[in-house]
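Participant: Sharing a structure here in structure tokens format.
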Amino acid sequence: VPVVAVVGRPNVGKSTLVNRIIGRRQAVVEDVPGVTRDRVPYDAQWNGRRFTVVDTGGWEPDAKDRAAAIAKQAELAVQTADVVVFVVDVSVGATDVDEAAVKMLRRSHKPVILVANKADNQNLEMEAVSLWSLGLGEPHPISALHGRGSGDLLDDILSALPDPPPIVEDGPRGPRRVALVGRPNVGKSSLLNRVSKEERAVVDSVAGTTVDPVDSLVEMDGEVWQFVDTAGLRKRVNQASGTEYYASLRTAGAVEAAEVAVVLLDAAEPISEQDQRVLTQVVEAGRALVIAFNKWDLVDADRRFYLDKEIDRELKRIPWAIRVNISAKTGRAVDKLAPALRRALASWEQRIPTGALNQWLTALTQATPHPVRGGRAPRILFATQAGVAPPRFVLFTTGPLDAGYQRFVERKLREEFGFEGSPVEISVKPRK
Ligand code: GDP
């Protein structure tokens, strides 16, 4: 695991920055001059990359006694680090001690990221420019206390880390994996037959991939797709005879193996509890979702009216699902399936740049702050996207958020950035 050492004079806000990086209040909060501290390592993670942050005591290279001991610790931390984050207090500017520290950092030949901390407002942020004089490259103005700029700093720390060990992949990425699920008789085999007939069923395996014999490769819209666990569908076994329990196990397996699920609903029938369970399976597994209303050829104006109402009522919790109205029987709109799958997968893998995310969030929370509860209103300090497939966000806050407010944030996040066809996970990390 790569190591990031945070060094700087006493009182420049190293520990606050470390807290910010690790997302909790565990590090010592103040660095009181003269208080000896050993190097303290913490586990940290950013954008799925793990690293260790080492908090050091205040660094006074030329100081005597205890301060000298701290300096020694800091030097050790630098020596063992992959990247050094050198923190300067921008409200004070570069001091002699900072200059002396720079010399030592140079000798270490480690990549150094210069942080101009306490840039709590725009004026102070401008001040950061003066720190170019230290000769350590571009200063990163941040406010460790308020979170300002910390996301971008973390992005830069990550890019300074040594390359992660390569992920061993056998050849090019295989075709997109699709689960075709839905209750018995909804038209799964008919749809699979339709797309295999209309488009071209791909019999031989695609270069560089191994396809499970229970899967089907089908070309749709110029792209090969892997429909997972379709053996039962191909054999046209009578699924109605299987118990629902086994059907649901089968669905779970297919959904787990897939990146995106097509949930087939019978447009001619009311949306049933069993349909809801299949939808829930997909959402809880965190897979991209396309809802295909099949048997559209049976839908007349009357049914259409009731269906709209049913959709409003029954699919309220997943307004983001992409919907297509198809008929496996007539072939109606079956060509809409591949574009819908692509759109859902793009959302599923979408990554929002930290800067854009936090700019949006700041505007949102300023316009609509969290309601006051018991005399206090928790604040969202900043947000990070912890991962993709599905997109996962972490909100760092001053306290727990109301479920309603969290839903509001998710709704606004979707309004701003899309994510049609993909679940989005939002977790809250209240500062202790
Ligand atoms: P599965 O159990 O989900 O695989 O469903 P099947 O594909 O076996 O279809 C069940 C029944 O619905 C069969 O009688 C199909 O002919 C019929 N069916 C499937 N798709 C459509 C459609 O789009 N329109 C109509 N009218 N019938 C369909």
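The values are calculated or read from the model by the stated rules, or taken from the named source; none is laboratory data. Just so it is clear, the structure is predicted and the values come from calculations on it, not from any experiment. Don't worry about glycine lacking a Cβ; one is built from the backbone with ideal geometry, like all the others, and counts go over all protein chains shown.
Participant: Please count how many residues of region 74-93 are surrounded by 22 or more Cβ atoms within 10 Å (Cβ to Cβ) and part of a helix (DSSP H, G or I).
Facilitator: Here the count works out to 3.
Participant: Inside region 295-313, can you point out the residues that are touching an Asp or Glu at 6+ places or on another chain (Cβ under 8 Å) and either surrounded by fewer than 21 Cβ atoms within 10 Å (Cβ to Cβ) or in the same structural domain as residue 415 (by TED's automatic domain parsing) (or both)? Show your work before the answer.
Facilitator: As a first pass, look at region 295-313 and keep what is touching an Asp or Glu at 6+ places or on another chain (Cβ under 8 Å): 295.
Scanning region 295-313 gives no hits.
Participant: Next up: Just one of 102, 178 is part of a strand (DSSP E or B), surrounded by 14 or more Cβ atoms within 10 Å (Cβ to Cβ) and touching a helix residue (DSSP H, G or I) at 6+ places or on another chain (Cβ under 8 Å); which is it?
Facilitator: On the way: 102 fails: part of a strand (DSSP E or B).
Residue meeting the stated conditions: 178.
Participant: Being closer than 18 Å to residue 331 by Cβ and either more than 6 Å from the ligand (Cβ to nearest atom) or within 26 Å of the chain's Cα centre (by Cα) (or both) is the filter here, so list the residues in region 183-192 that pass it.
Facilitator: 191, 192
Participant: Another question, if that's okay. For region 148-167, enumerate the residues that are closer than 19 Å to residue 127 by Cβ and in a loop (DSSP other than H, G, I, E, B).
Facilitator: Scanning region 148-167 gives 148, 149.
Participant: Is it true that some residue in region 352-361 is at pLDDT 95 or above, assigned to a loop (DSSP other than H, G, I, E, B) and surrounded by 17 or more Cβ atoms within 10 Å (Cβ to Cβ)?
Facilitator: Kept after step one, since they are at pLDDT 95 or above, are these residues of region 352-361: none.
The answer is no; no qualifying residue exists.
Participant: Working only within region 307-320, note down all residues that are among the aliphatic types (A, V, I, L, M), more than 16 Å from the ligand (Cβ to nearest atom) and more than 18 Å from residue 424 (Cβ to Cβ).
Facilitator: The one that is among the aliphatic types (A, V, I, L, M), more than 16 Å from the ligand (Cβ to nearest atom) and more than 18 Å from residue 424 (Cβ to Cβ): 311.
Participant: Could you please let me know if residue 115 is in contact with a His (Cβ under 6 Å, 6 or more places away or on another chain) and at pLDDT 90 or above?
Facilitator: yes
Participant: In region 129-151, which residue that is touching a helix residue (DSSP H, G or I) at 6+ places or on another chain (Cβ under 6 Å) and either without any contact (Cβ under 8 Å) to a residue 40 or more places away in the chain or closer than 16 Å to residue 92 by Cβ (or both) is surrounded by the fewest Cβ atoms within 10 Å (Cβ to Cβ)?
Facilitator: Selected residue: 145.
Participant: Does residue 422 satisfy being in contact with a Leu (Cβ under 9 Å, 6 or more places away or on another chain) and assigned to a loop (DSSP other than H, G, I, E, B)? So that I can check it myself, show each step before the final result.
Facilitator: Working: in contact with a Leu (Cβ under 9 Å, 6 or more places away or on another chain): yes; assigned to a loop (DSSP other than H, G, I, E, B): yes.
Yes, satisfied.
Participant: Are any residues in region 362-371 assigned to a helix (DSSP H, G or I) and more than 16 Å from residue 419 (Cβ to Cβ), and if so, which ones? Spell out the reasoning first.
Facilitator: Here is the first cut: in region 362-371, the residues assigned to a helix (DSSP H, G or I) are 362-367.
Residues satisfying the conditions are 362, 363, 365, 366, 367.
Participant: Is it fair to say residue 345 is in a helix (DSSP H, G or I) and within 16 Å of the ligand (Cβ to nearest atom)?
Facilitator: Here the answer is no, as residue 345 does not meet what is asked.
Participant: Another one. Can you name the residue in region 321-342 that is part of a loop (DSSP other than H, G, I, E, B) and out of contact with any strand residue (DSSP E or B) (no Cβ under 8 Å at 6 or more places or on another chain) and, of all such residues, is farthest from the ligand (Cβ to nearest atom)? Lay out the reasoning, then the answer.
Facilitator: Going through region 321-342, the residues part of a loop (DSSP other than H, G, I, E, B) turn out to be 321, 326-333.
Remaining after also requiring out of contact with any strand residue (DSSP E or B) (no Cβ under 8 Å at 6 or more places or on another chain): 329-331.
Details: 329: 3, 330: 7, 331: 9 Å.
Checking each candidate, the answer is 331.
Participant: Please indicate, with yes or no, whether at least one residue in region 287-294 is of a type in the set (Gly, Ala, Ser), in contact (Cβ under 8 Å) with a residue 60 or more places away in the chain and surrounded by 15 or more Cβ atoms within 10 Å (Cβ to Cβ).
Facilitator: Taking region 287-294 first, the residues of a type in the set (Gly, Ala, Ser) are 288, 292.
If we keep only those that are in contact (Cβ under 8 Å) with a residue 60 or more places away in the chain as well, we get 288, 292.
Next, from what is left, pick out any that are surrounded by 15 or more Cβ atoms within 10 Å (Cβ to Cβ): 288, 292.
Yes: region 287-294 contains one or more residues that are of a type in the set (Gly, Ala, Ser), in contact (Cβ under 8 Å) with a residue 60 or more places away in the chain and surrounded by 15 or more Cβ atoms within 10 Å (Cβ to Cβ).
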